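Worksheet: the structure to be examined is printed underneath.
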Amino acid sequence: MGTTVAPNAVAAVSEARQWDRLMELAALGAITGADGSPGVNRQALTPLDRLARRLVIGWGAAIGLTASVDALGNLFLRHEGTQPDAAPVLSGSHMDSQPAGGRFDGIWGVVAALEAVQALREAGVSTRRPIEVVAWTNEEGSRFAPGCMGSMAYAGHSAPDTWDAVTDGEGLRFGDELRALLASEADLPRRGLGVVEGQAPFAYVEAHIEQGPILEDEGIDIGVVTGIQGSRWFLVELTGESAHAGTSPVSTRRDAVQDMVRAITALNQLMEDPADVLRFTVARIEVAPNSSNSVAETVRFTIDFRHPDAAVLIARGDAIEATIRAAVRNCGVAVTERFHALPVQFAPEVTGAVERAAAAQGLRAKRMPSGAFHDAQFMVPLCPSGMIFIPSRRGISHNPAEYSSAAQLARGTRVLAQVLAELANG
Ligand code: GLV
Ligand code: MN
Ligand code: MN
(Lines give C-alpha, C1' and ligand atoms only; values in the text may rest on other atoms or scores of the structure.)
(Ligands and ions follow the chains in the order given, each with its own letter.)
Protein backbone atom coordinates (compact mmCIF):
# COMPACT_ATOMS: atom_id res chain seq x y z
CA MET A 1 0.00 0.00 0.00
CA GLY A 2 1.43 3.31 -0.95
CA THR A 3 1.65 5.80 1.86
CA THR A 4 -0.30 8.19 -0.36
CA VAL A 5 -3.59 6.30 -0.38
CA ALA A 6 -3.82 4.50 3.00
CA PRO A 7 -4.51 7.68 5.02
CA ASN A 8 -7.65 8.35 2.97
CA ALA A 9 -8.97 4.89 3.68
CA VAL A 10 -8.08 5.14 7.35
CA ALA A 11 -9.91 8.46 7.58
CA ALA A 12 -12.95 6.96 5.88
CA VAL A 13 -13.48 4.42 8.69
CA SER A 14 -16.71 5.49 10.37
CA GLU A 15 -16.81 5.05 14.13
CA ALA A 16 -20.56 5.77 14.20
CA ARG A 17 -21.50 3.44 11.36
CA GLN A 18 -19.52 0.60 12.89
CA TRP A 19 -21.06 1.15 16.32
CA ASP A 20 -24.58 1.40 14.91
CA ARG A 21 -24.11 -1.87 13.04
CA LEU A 22 -22.83 -3.60 16.17
CA MET A 23 -25.85 -2.37 18.12
CA GLU A 24 -28.27 -3.42 15.37
CA LEU A 25 -26.72 -6.89 15.43
CA ALA A 26 -26.77 -6.95 19.24
CA ALA A 27 -30.55 -6.51 19.11
CA LEU A 28 -30.73 -9.97 17.51
CA GLY A 29 -30.59 -12.17 20.59
CA ALA A 30 -30.49 -9.35 23.12
CA ILE A 31 -30.38 -10.53 26.74
CA THR A 32 -29.86 -8.81 30.07
CA GLY A 33 -27.09 -10.00 32.36
CA ALA A 34 -27.42 -10.45 36.11
CA ASP A 35 -26.01 -6.94 36.62
CA GLY A 36 -28.33 -5.43 34.01
CA SER A 37 -25.71 -5.39 31.23
CA PRO A 38 -27.01 -5.73 27.66
CA GLY A 39 -25.65 -9.01 26.30
CA VAL A 40 -26.36 -11.37 23.44
CA ASN A 41 -27.47 -14.96 23.05
CA ARG A 42 -27.19 -15.69 19.35
CA GLN A 43 -25.77 -19.17 19.02
CA ALA A 44 -24.63 -20.85 15.85
CA LEU A 45 -27.19 -21.87 13.22
CA THR A 46 -30.19 -20.50 15.11
CA PRO A 47 -32.86 -18.36 13.43
CA LEU A 48 -31.21 -15.33 15.08
CA ASP A 49 -27.88 -16.26 13.52
CA ARG A 50 -29.59 -16.38 10.13
CA LEU A 51 -31.11 -12.94 10.65
CA ALA A 52 -27.74 -11.52 11.64
CA ARG A 53 -26.12 -12.99 8.54
CA ARG A 54 -28.83 -11.41 6.38
CA LEU A 55 -28.06 -8.01 7.87
CA VAL A 56 -24.36 -8.38 7.09
CA ILE A 57 -25.04 -9.73 3.60
CA GLY A 58 -27.30 -6.73 2.97
CA TRP A 59 -24.67 -4.24 4.15
CA GLY A 60 -22.13 -5.90 1.89
CA ALA A 61 -24.49 -5.91 -1.10
CA ALA A 62 -25.22 -2.21 -0.60
CA ILE A 63 -21.55 -1.40 -1.22
CA GLY A 64 -21.07 -3.86 -4.07
CA LEU A 65 -19.57 -6.87 -2.28
CA THR A 66 -20.48 -10.31 -3.63
CA ALA A 67 -21.70 -12.84 -1.08
CA SER A 68 -21.06 -16.56 -1.26
CA VAL A 69 -21.36 -19.42 1.18
CA ASP A 70 -19.53 -22.74 1.46
CA ALA A 71 -20.64 -26.21 2.60
CA LEU A 72 -19.95 -25.38 6.27
CA GLY A 73 -21.97 -22.16 6.07
CA ASN A 74 -18.88 -19.98 6.14
CA LEU A 75 -19.97 -16.68 4.62
CA PHE A 76 -17.75 -14.60 2.32
CA LEU A 77 -18.27 -11.04 1.07
CA ARG A 78 -15.85 -10.28 -1.74
CA HIS A 79 -14.30 -6.95 -2.66
CA GLU A 80 -12.81 -7.46 -6.10
CA GLY A 81 -9.17 -6.74 -6.76
CA THR A 82 -7.75 -5.11 -9.86
CA GLN A 83 -6.18 -8.53 -10.43
CA PRO A 84 -9.16 -10.79 -9.70
CA ASP A 85 -7.18 -14.01 -10.01
CA ALA A 86 -4.66 -12.95 -7.36
CA ALA A 87 -4.91 -14.83 -4.07
CA PRO A 88 -7.29 -12.89 -1.78
CA VAL A 89 -6.64 -11.41 1.63
CA LEU A 90 -9.20 -12.75 4.12
CA SER A 91 -10.41 -10.86 7.16
CA GLY A 92 -13.23 -11.63 9.56
CA SER A 93 -14.21 -13.63 12.62
CA HIS A 94 -17.43 -15.25 13.83
CA MET A 95 -21.01 -14.10 14.33
CA ASP A 96 -22.22 -16.68 16.86
CA SER A 97 -22.18 -15.85 20.57
CA GLN A 98 -21.99 -17.64 23.87
CA PRO A 99 -25.39 -18.38 25.53
CA ALA A 100 -24.73 -15.50 27.93
CA GLY A 101 -22.37 -13.58 25.71
CA GLY A 102 -21.40 -10.02 24.96
CA ARG A 103 -21.99 -7.71 22.03
CA PHE A 104 -18.47 -7.72 20.62
CA ASP A 105 -16.86 -11.19 20.83
CA GLY A 106 -16.49 -12.31 17.24
CA ILE A 107 -19.04 -10.07 15.62
CA TRP A 108 -16.74 -7.05 15.81
CA GLY A 109 -14.17 -8.85 13.66
CA VAL A 110 -16.76 -9.32 10.92
CA VAL A 111 -18.15 -5.79 11.21
CA ALA A 112 -14.61 -4.35 11.36
CA ALA A 113 -13.56 -6.15 8.18
CA LEU A 114 -16.69 -4.90 6.44
CA GLU A 115 -16.08 -1.35 7.71
CA ALA A 116 -12.43 -1.46 6.63
CA VAL A 117 -13.38 -2.63 3.13
CA GLN A 118 -16.14 -0.03 2.92
CA ALA A 119 -13.64 2.65 3.93
CA LEU A 120 -11.21 1.52 1.23
CA ARG A 121 -13.93 1.67 -1.37
CA GLU A 122 -15.27 5.03 -0.22
CA ALA A 123 -11.77 6.46 -0.29
CA GLY A 124 -11.39 5.20 -3.86
CA VAL A 125 -8.53 2.91 -2.87
CA SER A 126 -8.36 -0.06 -5.20
CA THR A 127 -6.38 -3.12 -4.22
CA ARG A 128 -4.52 -5.48 -6.47
CA ARG A 129 -5.73 -8.50 -4.55
CA PRO A 130 -9.36 -9.23 -3.71
CA ILE A 131 -10.31 -8.86 -0.06
CA GLU A 132 -12.87 -11.27 1.35
CA VAL A 133 -14.77 -10.51 4.54
CA VAL A 134 -15.44 -13.87 6.20
CA ALA A 135 -17.82 -15.01 8.95
CA TRP A 136 -16.81 -18.49 10.15
CA THR A 137 -19.52 -20.90 11.29
CA ASN A 138 -19.76 -21.93 14.95
CA GLU A 139 -16.60 -20.55 16.51
CA GLU A 140 -17.94 -20.62 20.06
CA GLY A 141 -18.82 -24.29 20.25
CA SER A 142 -21.35 -23.70 23.00
CA ARG A 143 -24.39 -24.99 21.10
CA PHE A 144 -22.48 -27.59 19.10
CA ALA A 145 -19.07 -28.65 20.44
CA PRO A 146 -16.34 -28.01 19.54
CA GLY A 147 -15.76 -24.45 18.44
CA CYS A 148 -14.09 -23.34 15.20
CA MET A 149 -15.92 -25.91 13.07
CA GLY A 150 -16.13 -23.61 10.04
CA SER A 151 -12.48 -22.63 10.04
CA MET A 152 -11.28 -26.17 10.82
CA ALA A 153 -13.19 -27.53 7.82
CA TYR A 154 -12.06 -24.66 5.59
CA ALA A 155 -8.43 -25.30 6.53
CA GLY A 156 -8.68 -29.04 5.90
CA HIS A 157 -7.88 -29.66 9.57
CA SER A 158 -11.06 -31.78 9.83
CA ALA A 159 -13.38 -33.38 7.28
CA PRO A 160 -16.53 -31.35 6.67
CA ASP A 161 -18.86 -34.11 7.90
CA THR A 162 -16.92 -34.63 11.18
CA TRP A 163 -19.59 -33.01 13.33
CA ASP A 164 -22.81 -33.97 11.49
CA ALA A 165 -24.03 -36.10 14.40
CA VAL A 166 -23.12 -33.63 17.17
CA THR A 167 -26.31 -32.64 18.98
CA ASP A 168 -27.26 -29.50 20.87
CA GLY A 169 -29.03 -29.42 24.25
CA GLU A 170 -32.34 -30.18 22.56
CA GLY A 171 -31.06 -33.12 20.55
CA LEU A 172 -30.91 -31.22 17.22
CA ARG A 173 -28.07 -32.40 14.99
CA PHE A 174 -25.42 -30.05 13.66
CA GLY A 175 -25.68 -31.61 10.20
CA ASP A 176 -29.43 -30.98 10.05
CA GLU A 177 -29.17 -27.43 11.34
CA LEU A 178 -26.39 -26.69 8.85
CA ARG A 179 -28.51 -28.04 6.00
CA ALA A 180 -31.39 -25.81 7.14
CA LEU A 181 -29.12 -22.77 7.15
CA LEU A 182 -27.81 -23.56 3.68
CA ALA A 183 -31.37 -24.06 2.41
CA SER A 184 -32.32 -20.66 3.80
CA GLU A 185 -29.38 -19.14 1.90
CA ALA A 186 -29.96 -21.02 -1.37
CA ASP A 187 -30.18 -17.64 -3.10
CA LEU A 188 -26.45 -17.12 -2.49
CA PRO A 189 -23.82 -18.62 -4.77
CA ARG A 190 -22.23 -21.73 -3.26
CA ARG A 191 -18.45 -21.79 -3.28
CA GLY A 192 -16.10 -24.71 -2.83
CA LEU A 193 -15.07 -25.41 0.73
CA GLY A 194 -11.57 -24.41 1.66
CA VAL A 195 -8.70 -23.56 -0.57
CA VAL A 196 -10.71 -22.88 -3.73
CA GLU A 197 -9.18 -24.24 -6.93
CA GLY A 198 -5.86 -24.71 -5.21
CA GLN A 199 -5.61 -21.03 -4.34
CA ALA A 200 -4.70 -20.46 -0.70
CA PRO A 201 -5.43 -17.01 0.73
CA PHE A 202 -2.54 -14.57 0.49
CA ALA A 203 -3.02 -13.62 4.16
CA TYR A 204 -5.58 -13.71 6.97
CA VAL A 205 -6.15 -10.97 9.54
CA GLU A 206 -8.71 -11.18 12.36
CA ALA A 207 -9.74 -8.26 14.53
CA HIS A 208 -11.05 -9.26 17.98
CA ILE A 209 -11.59 -7.78 21.40
CA GLU A 210 -8.83 -8.80 23.79
CA GLN A 211 -11.16 -10.55 26.28
CA GLY A 212 -8.53 -9.98 28.96
CA PRO A 213 -7.39 -7.00 31.04
CA ILE A 214 -3.88 -6.28 29.75
CA LEU A 215 -4.50 -3.57 27.17
CA GLU A 216 -6.81 -1.58 29.45
CA ASP A 217 -4.53 -1.96 32.48
CA GLU A 218 -1.52 -0.73 30.52
CA GLY A 219 -3.29 2.00 28.57
CA ILE A 220 -2.53 0.38 25.20
CA ASP A 221 -4.71 0.85 22.11
CA ILE A 222 -3.72 -2.11 19.95
CA GLY A 223 -2.65 -5.65 20.79
CA VAL A 224 -0.33 -7.10 18.15
CA VAL A 225 -1.17 -10.75 18.61
CA THR A 226 1.89 -12.98 18.36
CA GLY A 227 0.17 -16.34 18.68
CA ILE A 228 -2.51 -18.42 20.39
CA GLN A 229 -2.10 -20.96 23.16
CA GLY A 230 -3.19 -24.54 22.57
CA SER A 231 -6.59 -25.90 23.65
CA ARG A 232 -8.02 -29.36 24.21
CA TRP A 233 -11.65 -30.16 24.96
CA PHE A 234 -12.92 -33.43 26.43
CA LEU A 235 -16.34 -34.83 27.24
CA VAL A 236 -16.40 -37.16 30.25
CA GLU A 237 -19.32 -39.55 30.76
CA LEU A 238 -19.70 -41.46 34.01
CA THR A 239 -22.31 -44.19 34.21
CA GLY A 240 -23.52 -45.56 37.52
CA GLU A 241 -26.96 -46.58 38.72
CA SER A 242 -29.92 -44.63 39.98
CA ALA A 243 -31.22 -45.53 43.43
CA HIS A 244 -33.54 -44.24 46.12
CA ALA A 245 -31.81 -41.54 48.19
CA GLY A 246 -33.57 -42.61 51.38
CA THR A 247 -33.23 -46.35 51.21
CA SER A 248 -30.09 -47.32 49.31
CA PRO A 249 -27.04 -47.72 51.59
CA VAL A 250 -24.23 -45.39 50.55
CA SER A 251 -21.84 -48.34 50.54
CA THR A 252 -23.77 -50.08 47.73
CA ARG A 253 -24.30 -47.07 45.48
CA ARG A 254 -22.85 -46.41 42.06
CA ASP A 255 -23.26 -42.66 42.40
CA ALA A 256 -22.14 -40.76 39.32
CA VAL A 257 -22.00 -37.38 41.10
CA GLN A 258 -19.68 -38.71 43.80
CA ASP A 259 -17.40 -40.18 41.15
CA MET A 260 -17.45 -36.88 39.29
CA VAL A 261 -16.27 -35.13 42.46
CA ARG A 262 -13.44 -37.66 42.78
CA ALA A 263 -12.50 -37.23 39.13
CA ILE A 264 -12.46 -33.43 39.25
CA THR A 265 -10.44 -33.44 42.49
CA ALA A 266 -7.82 -35.67 40.86
CA LEU A 267 -7.82 -33.54 37.71
CA ASN A 268 -7.27 -30.40 39.77
CA GLN A 269 -4.14 -32.05 41.15
CA LEU A 270 -2.98 -33.10 37.68
CA MET A 271 -3.48 -29.56 36.44
CA GLU A 272 -1.78 -27.77 39.34
CA ASP A 273 0.45 -24.98 38.04
CA PRO A 274 2.24 -22.70 40.51
CA ALA A 275 3.02 -20.32 37.63
CA ASP A 276 -0.75 -19.94 36.96
CA VAL A 277 -0.24 -20.23 33.21
CA LEU A 278 -2.25 -23.41 32.70
CA ARG A 279 -6.01 -23.04 32.25
CA PHE A 280 -8.26 -25.89 33.38
CA THR A 281 -12.03 -25.49 33.39
CA VAL A 282 -15.00 -27.73 34.11
CA ALA A 283 -18.05 -25.64 33.36
CA ARG A 284 -20.81 -27.79 31.92
CA ILE A 285 -22.30 -30.61 33.93
CA GLU A 286 -25.35 -32.68 33.08
CA VAL A 287 -26.74 -35.05 35.68
CA ALA A 288 -29.47 -37.64 35.14
CA PRO A 289 -32.05 -38.18 36.40
CA ASN A 290 -31.28 -34.79 38.05
CA SER A 291 -33.64 -35.34 40.93
CA SER A 292 -32.73 -34.43 44.50
CA ASN A 293 -33.85 -37.75 45.96
CA SER A 294 -32.49 -40.09 43.29
CA VAL A 295 -28.84 -41.12 43.27
CA ALA A 296 -27.31 -39.86 40.01
CA GLU A 297 -27.11 -42.52 37.33
CA THR A 298 -25.09 -40.58 34.79
CA VAL A 299 -22.98 -37.47 34.72
CA ARG A 300 -21.53 -35.79 31.67
CA PHE A 301 -19.03 -33.01 32.21
CA THR A 302 -16.80 -30.99 29.92
CA ILE A 303 -13.10 -30.21 30.25
CA ASP A 304 -11.52 -27.15 28.64
CA PHE A 305 -7.73 -27.32 29.04
CA ARG A 306 -5.27 -24.80 27.60
CA HIS A 307 -1.54 -24.14 27.66
CA PRO A 308 0.88 -22.16 25.48
CA ASP A 309 3.50 -24.93 25.54
CA ALA A 310 2.65 -27.85 23.23
CA ALA A 311 4.64 -30.29 25.37
CA VAL A 312 2.58 -29.47 28.47
CA LEU A 313 -0.66 -29.48 26.48
CA ILE A 314 0.09 -32.93 25.12
CA ALA A 315 1.51 -34.51 28.28
CA ARG A 316 -1.16 -33.35 30.71
CA GLY A 317 -3.97 -33.67 28.19
CA ASP A 318 -2.93 -37.24 27.46
CA ALA A 319 -2.97 -37.98 31.20
CA ILE A 320 -6.59 -36.87 31.67
CA GLU A 321 -8.29 -40.17 30.92
CA ALA A 322 -5.99 -42.28 33.10
CA THR A 323 -6.36 -39.76 35.94
CA ILE A 324 -10.14 -40.03 35.79
CA ARG A 325 -10.10 -43.83 35.59
CA ALA A 326 -7.82 -44.02 38.62
CA ALA A 327 -10.04 -41.67 40.61
CA VAL A 328 -13.54 -43.05 40.04
CA ARG A 329 -14.72 -45.90 42.24
CA ASN A 330 -18.03 -47.22 41.01
CA CYS A 331 -18.91 -45.89 37.58
CA GLY A 332 -18.19 -46.74 34.00
CA VAL A 333 -16.00 -44.10 32.33
CA ALA A 334 -15.95 -42.80 28.77
CA VAL A 335 -13.67 -39.91 27.79
CA THR A 336 -13.96 -38.36 24.33
CA GLU A 337 -11.60 -35.71 23.01
CA ARG A 338 -13.58 -33.18 21.01
CA PHE A 339 -11.06 -30.45 20.19
CA HIS A 340 -7.31 -30.46 19.85
CA ALA A 341 -5.71 -27.20 18.73
CA LEU A 342 -1.96 -26.90 19.16
CA PRO A 343 -0.39 -23.53 20.01
CA VAL A 344 0.39 -21.37 16.98
CA GLN A 345 2.68 -18.45 16.22
CA PHE A 346 1.52 -15.72 13.87
CA ALA A 347 3.48 -14.59 10.82
CA PRO A 348 5.90 -11.66 10.93
CA GLU A 349 4.35 -10.34 7.67
CA VAL A 350 1.11 -9.73 9.58
CA THR A 351 2.44 -8.74 13.01
CA GLY A 352 4.80 -6.35 11.25
CA ALA A 353 1.99 -4.82 9.21
CA VAL A 354 -0.10 -4.33 12.37
CA GLU A 355 2.81 -2.69 14.18
CA ARG A 356 3.54 -0.40 11.23
CA ALA A 357 -0.11 0.64 10.94
CA ALA A 358 -0.45 1.34 14.67
CA ALA A 359 2.75 3.38 14.66
CA ALA A 360 1.69 5.33 11.57
CA GLN A 361 -1.57 6.18 13.32
CA GLY A 362 0.11 7.28 16.52
CA LEU A 363 -1.40 4.44 18.54
CA ARG A 364 0.22 2.61 21.43
CA ALA A 365 0.71 -1.06 20.54
CA LYS A 366 1.96 -4.10 22.41
CA ARG A 367 2.87 -7.59 21.29
CA MET A 368 0.89 -10.21 23.19
CA PRO A 369 -0.31 -13.82 22.92
CA SER A 370 -3.98 -14.82 22.95
CA GLY A 371 -5.41 -16.94 25.73
CA ALA A 372 -8.66 -17.42 23.83
CA PHE A 373 -8.75 -19.58 20.74
CA HIS A 374 -9.79 -18.06 17.45
CA ASP A 375 -10.48 -19.08 13.87
CA ALA A 376 -7.14 -17.47 12.97
CA GLN A 377 -5.45 -20.47 14.64
CA PHE A 378 -6.54 -22.68 11.76
CA MET A 379 -5.44 -20.28 9.03
CA VAL A 380 -1.80 -20.46 10.15
CA PRO A 381 -0.91 -23.51 8.02
CA LEU A 382 -2.56 -21.91 4.96
CA CYS A 383 -1.12 -18.41 4.78
CA PRO A 384 0.56 -15.66 6.82
CA SER A 385 -1.99 -15.00 9.55
CA GLY A 386 -2.41 -12.68 12.49
CA MET A 387 -4.79 -10.79 14.74
CA ILE A 388 -5.46 -7.30 16.07
CA PHE A 389 -6.75 -6.90 19.65
CA ILE A 390 -8.36 -3.85 21.20
CA PRO A 391 -9.05 -3.32 24.94
CA SER A 392 -11.92 -5.02 26.79
CA ARG A 393 -13.28 -3.19 29.84
CA ARG A 394 -11.97 -4.94 32.98
CA GLY A 395 -11.04 -7.86 30.73
CA ILE A 396 -14.58 -9.20 30.94
CA SER A 397 -15.80 -11.47 28.14
CA HIS A 398 -18.18 -14.41 27.64
CA ASN A 399 -20.43 -12.25 29.78
CA PRO A 400 -23.10 -9.65 28.91
CA ALA A 401 -20.92 -7.05 30.66
CA GLU A 402 -18.29 -7.35 27.90
CA TYR A 403 -17.60 -3.82 26.63
CA SER A 404 -15.29 -1.87 24.38
CA SER A 405 -16.02 1.74 23.46
CA ALA A 406 -16.93 2.92 19.98
CA ALA A 407 -13.65 4.85 19.90
CA GLN A 408 -11.57 1.81 20.90
CA LEU A 409 -13.30 -0.32 18.28
CA ALA A 410 -12.77 2.33 15.62
CA ARG A 411 -9.04 2.52 16.41
CA GLY A 412 -8.79 -1.20 15.79
CA THR A 413 -10.68 -0.91 12.52
CA ARG A 414 -8.45 1.92 11.30
CA VAL A 415 -5.42 -0.28 11.91
CA LEU A 416 -7.18 -3.14 10.13
CA ALA A 417 -7.97 -0.91 7.12
CA GLN A 418 -4.32 0.03 6.76
CA VAL A 419 -3.15 -3.56 7.19
CA LEU A 420 -5.63 -4.83 4.60
CA ALA A 421 -4.61 -2.10 2.17
CA GLU A 422 -0.95 -3.03 2.60
CA LEU A 423 -1.44 -6.77 2.31
CA ALA A 424 -3.91 -6.56 -0.57
CA ASN A 425 -1.38 -4.60 -2.59
CA GLY A 426 1.44 -6.98 -1.68
C1 GLV B 1 -13.36 -18.84 22.38
O2 GLV B 1 -14.53 -18.52 22.52
C3 GLV B 1 -12.62 -19.45 23.44
O4 GLV B 1 -13.23 -20.17 24.27
O5 GLV B 1 -11.41 -19.21 23.53
MN1 MN C 1 -14.48 -14.87 19.64
MN1 MN D 1 -15.95 -16.42 22.47
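Remarks
- Beta bridges by DSSP in segment 12-143, antiparallel share as percent, to the nearest 5: 70
- Projected onto its three principal axes, the C-alpha set of segment 324-423 covers 63, 35, 17 Å, listed from the longest axis down.
- Note on His307: accessible area approximately 20 square angstrom, rounded to 10, probe 1.4 Å, nucleic acids and ligands left out.
- Sequence-distant contacts, meaning Cα pairs under 8 Å at least 6 residues apart, place the relative contact order of segment 33-147 at 35 percent.
- For segment 198-207, putting each phi into the Karplus relation 6.51 cos²θ - 1.76 cosθ + 1.60 with θ = phi - 60° gives couplings of x, 9, 6, x, 6, 6, 9, 10, 10, 8 Hz, in residue order, rounded to whole numbers and with x for Gly and Pro.
- Rounded to 0.05, the FRET efficiency of the Arg338 and Asp187 pair, given R0 = 30 Å and the Cβ-Cβ distance, is 0.35.
- Zero-based 10 Å bins, Cα pair distances in segment 235-358, whole percents: 12, 35, 25, 15, 8, 4, 2, 0
- More than 26 angstrom apart: percent of Cα pairs within the chain: 56
- Gain in span if fully extended, Arg367 to Ala180, counting 0.36 nm per residue against the direct Cα distance: 63.2 nm
- Contour minus Cα-Cα distance for Arg356 and Arg325 (0.36 nm per residue): 6.0 nm
- Cα-based shape type of segment 89-139, given that a ≥ b ≥ c are square roots of the gyration tensor eigenvalues and the cut on a/c is 1.5: oblate
- Here the Karplus relation 6.51 cos²θ - 1.76 cosθ + 1.60, evaluated at θ = phi - 60°, turns the backbone of segment 359-375 into coupling constants of 5, 5, 9, x, 9, 7, 10, 8, 6, 7, x, 9, x, 7, 8, 8, 4 Hz, with x for every Gly and Pro.
The values are calculated or read from the model by the stated rules, or taken from the named source; none is laboratory data. Computed from a prediction, not measured in an experiment: that's the story for all the values here. For neighbour counting, all protein chains shown are included, and Cβ atoms are generated from backbone atoms with ideal geometry for every residue, glycine included. Note: accessible area is taken over every heavy atom of the protein model, side chains too, but ligands, DNA and RNA are not part of it. Shrake-Rupley method; radii C 1.70, N 1.55, O 1.52, S 1.80 Å.
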